[in-house]
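Notes follow the structure.
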Amino acid sequence: MSGASVPEKVVIIGSGPAGWTAAIYAARANLHPLVFEGAISADSEMIPGGQLMFTTEVENYPGFPEGIGGLEMMKAFRDQAQRFGVRIKSANVEKVDLSKRPFAVTDSEGETIQSHAVIIATGASANWLGLPSEEHFRKAGLGVTACATCDGAFPRFRDAPVAVIGGGDSAMEEALYMTKFSDPVYVVHRRDELRASKIMQERVLKHEKIKVLWNSVPEEVLGNNTNGVTAMRLKNVSTGETSEVEIRGFFLAIGHTPNTRFLGGQLDLDEKGYIKLKDPYRSTTNVEGVFAAGDVVDSVYRQAITAAGMGCKAAIDAERWLAEQGIE
Ligand code: NAP
């Protein structure tokens, strides 16, 4: 780490596919990037490695014909970055000062680092209901997940009943996706009207394998450590009645929260809180020298491969911008 008097060329905040890809490209461009990978702490917005750390198996990232574990994949990304000399700090970034250059980045250990360019790749965090049983089965990889595209094809969900929680487009998409494997697919929604677009609603409502459980909220995920999730207890919010429904999978689709709190309002965000890019084909933000990539700018695709692509763009944009400033 450089002293306060020698600013970094580029600091990368975040260690998911976008952050590591940006780091690999920046390192190979001789920018000697420093990555803040985050630290595991109870009050942390994000975790080192990002959302893939919760994904048991990644089967849709090209180049891995047999699939690869989420953890293993992020370790490979990290190892590849280290191979090119990327420096890594296992701390969270608590605040940034983007009002003047070089920018200042202050971490959870109280250290402030100056940098000419900053790449923000802090991702988004899936929202959870907050039930202890939900957390237990999620952490154990036993049937609770917030990504059907990542985990839906596992044998435990084949020809078995599963539930998707939520009434937005993501829930519709996840439910439709799960009909490839599971039967029935319950959509559990807390109101009597879906939030999703009309076209997605129609597809769901007319699908023979999908059954919407209206006015319902999960109270508990039931199961055991041998069989994983076996059922859920639902409360009907209009009648107050509770019921148990047999399921093998419990899929959350109740929205994501982009990890932008540490920015303290210094970058333009869209109405959902995602960083707004100045040019949608680039990675530039409204602050010159600050670039953004991955799920922190993307509420639509949210895939490892799209995040990695954006990380690559951010590193190239940063490299070109630094060259224009005479910093090479
Ligand atoms: P969303 O539109 O915010 O929907 C979240 C859903 O979760 C809502 O139905 C909400 O219920 C429910 N919910 C939130 N908190 C809950 C809680 N604590 N307990 C139970 N239910 C809860 O999020 P999204 O579906 O992820 O979509 C995000 C954005 O991406 C949207 O703009 C969406 O259109 C877009 N998107 C588009 C596509 C597509 O076009 N194919 C696919 C995915 C996402 P309420 O309705 O009662 O608030």
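The values are calculated or read from the model by the stated rules, or taken from the named source; none is laboratory data. Everything quoted here is computed from the prediction, not taken from an experiment. Every residue, glycine among them, receives a Cβ derived from its backbone with ideal geometry; neighbour counts consider all protein chains shown. The area values use the complete protein model at the heavy-atom level, side chains included, leaving out ligands, DNA and RNA. Shrake-Rupley method; radii C 1.70, N 1.55, O 1.52, S 1.80 Å.
Sort W20, W214 by accessible area with a 1.4 Å probe, largest first.
Reading off the accessible areas and sorting them downward yields W214, W20.
Taking the Cα centre of the chain as origin, work out the dipole magnitude from +1 charges on Lys and Arg Cβ and -1 charges on Asp and Glu Cβ, in debye rounded to 20.
My answer is approximately 320 debye.
Helix-only estimate, please: 222 nm mean residue ellipticity of the chain, summing -39500 (n - 2.57) across DSSP H runs of length 4 or more and dividing by its residues, to the nearest 500.
About -7000 deg cm²/dmol.
Just the Cα atoms of segment 128-252, one point each, no solvent: what log10 I(q)/I(0) does Debye give at q = 0.10, 0.16 Å⁻¹?
Here the Debye-derived log intensity ratios amount to -0.26, -0.69.
Please give the net charge around S133, taking every other residue with its beta carbon less than 12 angstrom from that of S133, where Lys and Arg add +1 and Asp and Glu add -1.
-1
How large is the charge dipole for segment 29-133, taken about the Cα centre, if only the Cβ atoms of Lys, Arg (+1) and Asp, Glu (-1) carry charge, to the nearest 20 debye?
Rounded to the nearest 20 debye, it is 440 debye.
Considering only DSSP beta bridges where both residues belong to segment 128-252, give the percentage that are antiparallel (nearest 5).
Given both bridge residues lie in segment 128-252, the antiparallel proportion sits at roughly 50 percent.
Give, as a single signed number, the net charge of other residues whose beta carbon lies under 10 Å from the beta carbon of K9, with Lys and Arg counted +1 and Asp and Glu -1.
-3
When the chain is modelled as a GNM with alpha-carbon springs shorter than 10 Å, which of G240, G264, G223 fluctuates the most?
For the chain, modelled as a Gaussian network with Cα springs under 10 Å, the answer is G240.
Taking amide H positions as placed in the peptide plane 1.01 Å from N, state which residues far from A117 in sequence (5 or more) or on other chains have amide H under 5 Å from it.
Correct list: V10, V11.
With all protein chains present and a 1.4 Å probe, how do R78, R203 order by accessible area, largest first?
From most accessible down to least: R203, R78.
Say we join alpha carbon atoms closer than 10 Å with springs in a Gaussian network model of the chain; which of P65, P48, P218 then has the biggest fluctuation?
P65
Taking the chain on its own, what percent of its Cα-Cα pair distances exceed 36 Å?
For the chain, the fraction of Cα-Cα distances above 36 Å is 25 percent.
With a 10 Å cut-off between alpha carbons and a GNM built on the chain, which of G311, G141, G130 moves the most?
G130
Can you give the accessible area of L269, probe radius 1.4 Å, in Å² rounded to 10?
70 Å²
At q = 0.20 Å⁻¹, what log₁₀ I(q)/I(0) does segment 1-151 have when each alpha carbon counts as one equal point scatterer in the Debye sum?
-1.21
Expressed as a whole percentage, what fraction of the accessible surface of segment 128-252 belongs to carbon and sulfur atoms when a 1.4 Å probe is rolled over the protein heavy atoms?
The C+S portion of the solvent-accessible surface of segment 128-252 is 46 percent.
For the charge dipole of segment 128-252, defined by +1 on Lys and Arg C-beta atoms and -1 on Asp and Glu C-beta atoms about the Cα centroid, which residue among G228, H207, W128 has the Cα displaced farthest towards the positive pole?
H207
Local charge sum around I113 (other residues, Cβ-Cβ under 13 Å, Lys/Arg +1, Asp/Glu -1)?
Net local charge, I113 excluded: -2.
What does the accessible area of M73 come to, in Å² to the nearest 10, when a probe of 1.4 Å is used?
Here the residue's solvent-accessible area equals roughly 0 Å².
I want the antiparallel fraction of DSSP beta bridges within the chain, as a percent rounded to 5.
Expressed as a percentage, antiparallel bridges in the chain total about 50.
Based on Cβ point charges of +1 for Lys and Arg and -1 for Asp and Glu, what charge dipole magnitude is obtained for segment 128-252 about its Cα centre, in debye rounded to the nearest 20?
With only Lys, Arg, Asp and Glu charged at Cβ, the dipole is about 180 debye.
Rank these by accessible area, largest first, 1.4 Å probe: E220, E134, E208, E174.
These residues rank, largest area first, as E208, E220, E174, E134.
Over the chain, average the accessible area per residue using a 1.4 Å probe and give it in Å², no decimals.
With the other protein chains kept in place, the chain gives 47 Å² per residue.
Please report the antiparallel percentage of the DSSP beta bridges confined to segment 1-131, to the nearest 5.
Of the beta bridges lying entirely in segment 1-131, close to 50 percent run antiparallel.
Which value, in Å² and to the nearest 10, is the accessible area of S283 when all protein chains are kept and the probe is 1.4 Å?
Result for S283: roughly 0 Å² accessible.
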